[in-house]
Amino acid sequence: MKRRDFLKSSALGAAAATISVPAAACAKGPRGTGDLAVIVERATGSVLIADTTAREILTRVEGLGDLSHASAVYSRDARYAYIFGRDGGLTKLDILEGAVVKRVLQAGNAIGGAISDDGQLVAVSNYEPGGVRVFDAATLEPVADIPAAYGADKQSKTVGLVDTPGRRFVFTLYDAGEIWIADFSEEGPPKIERHTGIGELPYDALITGDGRHYIAGLFGEDGLTHVDLWEERPQPRRILSGYGKGEKKLPVYKMPHLEGWAHAGGKFLLPAVGRYELLVMDATSFEEVGRIGVHGQPIFAVARPDGRQAWVNFAHPRNDTIQVVDMPSLKIVHEFKPGPAALHMEFTPRGHEVWLSVRDSNEVHVYDTQTFARRAVLSAQSPSGIFMTARAHRIGL
């Protein structure tokens with residue numbers, strides 16, 4: 001589809017989705033959504049809706065396309081989940097009804113998305129044709145198309161798309177080495193603020209929970225780039241430059257995810273690219289203050305909501321292991337092996353339990369974060385991302 005045709009069509013390849021249970025099967029009478037979760041089944045184009053209090057699966061929803069690298073965000077009332085598929089599909093899912101409200105195929109290859117702070121706009125980050133496309137959250141009608149143009153008529157993949165206060169989105173151009181801020185606070189087309197020359201091949205990014213600090217990781221060089229969004233004129237600054245200088249990198253079997261990072265106790269824990277280490281960075285000075293040797297190449301380092309612990313998982317071939325870091329001491333205090341491809345973790349809102357997908361065992365495990373005891377094992381088909389509705393009320397998630 002040519003970009004000039006984008007705003008003329010709301011269908012964009014719309015496809016009906018099927019569900020495996022009758023409508024309203026999830027609700028069982030009046031209930032809230034605060035303890036519900038969506039679990040992605042990456043190989044089958046389906047998602048599970050789970051009750052995290054009862055530790056049980058309520059239903060499966062099918063027909064969501066390619067979910068091999070899927071993610072989700074929630075509406076402000078936490079009733080609707082917006083699922084971003086790798087095939088460019090954007091699906092609005094009613095988690096009380098267990099039903100697809102609408103699905104559009106908005107691009108050829110997508111890599112995630114975000115929802116604005118007022119809950120009115122859903123943005124999708126694309127690899128093909130590149131750029132970011134923005135939709136009305138209520139209807140999934142197209143609102144804006146932001147081509148990631150650079151150089152001589154080139155289009156860049158976009159990554160690290162997050163929401164930030166003021167009806168803005170921030171994202172990174174992988175091919176161009178740029179960070180863009182798209183401001184939708186006024187009527188009409190968004191205002192685009194471009195920051196160039198941020199580094200080679202920025203592959204992912206994170207934003208702090210207050211919406212202030214945006215940090216992009218660099219795959220093409222050792223280091224990261226930081227933008228303070230509270231500054232009147234934000235300027236990218238290089239941080240942790242050369243953290244692996246002079247040392248041979250290990251093979252990178254899976255890229256670390258900066259959105260799976262730990263920020264607690266005045267420190268960041270960041271996965272090092274191609275290294276069996278977590279980088280410890282001071283959250284005020286953004287300088288390295290230590291390193292933690294770990295079991296393998298870390299993928300996610302996720303802080304428990306109270307900040308006392310960070311749970312870490314790893315890339316192939318060491319992906320059967322989880323390590324737990326005590327944040328005050330920065331020591332590993334627990335290690336266990338849930339099973340092959342233990343790749344995604346999600347804490348309950350106050351952190352009393354963690355839900356963990358064990359993809360190659362077709363299971364989701366639930367663990368007590370105080371005793372480390374396993375509380376439940378749930379069946380799932382190649383589970384990957386787990387997204388609890390508490391994300392509806394957090395910046396950047």
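The values are calculated or read from the model by the stated rules, or taken from the named source; none is laboratory data. Keep in mind the model is a prediction, meaning the values are calculated, not measured. Glycine also receives a Cβ, built like all others from the backbone with ideal geometry; neighbour counts cover every protein chain displayed.
Hey, which of the strands (runs of 3 or more DSSP E) in region 350-397, taking only ones fully inside, have at least 3 residues that are over 22 Å from the mean Cα position of the chain (by Cα)?
Working: elements: 353-358, 363-368, 374-379, 383-388.
Those strands (runs of 3 or more DSSP E) span 374-379.
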Item to check | residue 145 being crowded, with 17+ Cβ neighbours inside 10 Å, at pLDDT 95 or above, closer than 12 Å to residue 116 by Cβ and among the charged types (D, E, K, R) | outcome: no
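One line per residue, one yes/no per condition, for (1) in contact with a Gly (Cβ under 9 Å, 6 or more places away or on another chain); (2) over 24 Å from residue 43 (Cα atoms); (3) aromatic (Phe, Trp, Tyr); (4) outside the structural domain of residue 213 (by TED's automatic domain parsing):
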residue	(1), (2), (3), (4)
279	yes, yes, no, yes
292	no, yes, no, yes
311	no, yes, yes, yes
317	yes, no, no, yes
369	yes, yes, no, yes
394	yes, yes, no, yes
Item to check | Cβ-Cβ under 6 Å pairs, at least 6 apart or on other chains, region 181-202 side under 27 Å from residue 272 (Cα atoms), far side loosely packed, with under 12 Cβ neighbours inside 10 Å | outcome: none
Item to check | Residue list for region 313-333, restricted to those being in contact with an Asp or Glu (Cβ under 9 Å, 6 or more places away or on another chain) and either assigned to a strand (DSSP E or B) or of a type in the set (Lys, Arg) (or both) | outcome: 314, 322, 323, 324, 332, 333
Checklist entry - So which strands (runs of 3 or more DSSP E) stay within region 60-141 end to end and still have 1 or more residues that are charged (D, E, K, R) and closer than 22 Å to residue 43 by Cβ? => result 99-105, 121-128
Item to check | Any chance residue 296 is part of a loop (DSSP other than H, G, I, E, B) and under 14 Å from residue 332 (Cα atoms) | outcome: yes
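For region 142-167, give me each residue that is within 26 Å of residue 79 (Cα to Cα), assigned to a loop (DSSP other than H, G, I, E, B), touching a Gly at 6+ places or on another chain (Cβ under 9 Å) and of a type outside the set (Gly, Ala, Ser).
Here is the first cut: in region 142-167, the ones within 26 Å of residue 79 (Cα to Cα) are 142-144, 160-167.
Keeping just the survivors that are assigned to a loop (DSSP other than H, G, I, E, B) gives 165-167.
Now drop any that are not touching a Gly at 6+ places or on another chain (Cβ under 9 Å), which leaves 165-166.
Scanning region 142-167 gives a single hit, 165.
Identify, please: which residue in region 263-298 is among the β-branched types (Val, Ile, Thr) and at pLDDT 90 or above and is, among those, farthest from residue 314 (Cα to Cα)? Break it down into steps so the answer makes sense when it comes.
Applying the first criterion (among the β-branched types (Val, Ile, Thr)) to region 263-298 yields 273, 280, 284, 289, 292, 294.
Then keep just the ones that are at pLDDT 90 or above; that gives 280, 284, 289, 292, 294.
Values: 280: 17, 284: 27, 289: 22, 292: 14, 294: 9 Å.
Per the stated criteria, the residue is 284.
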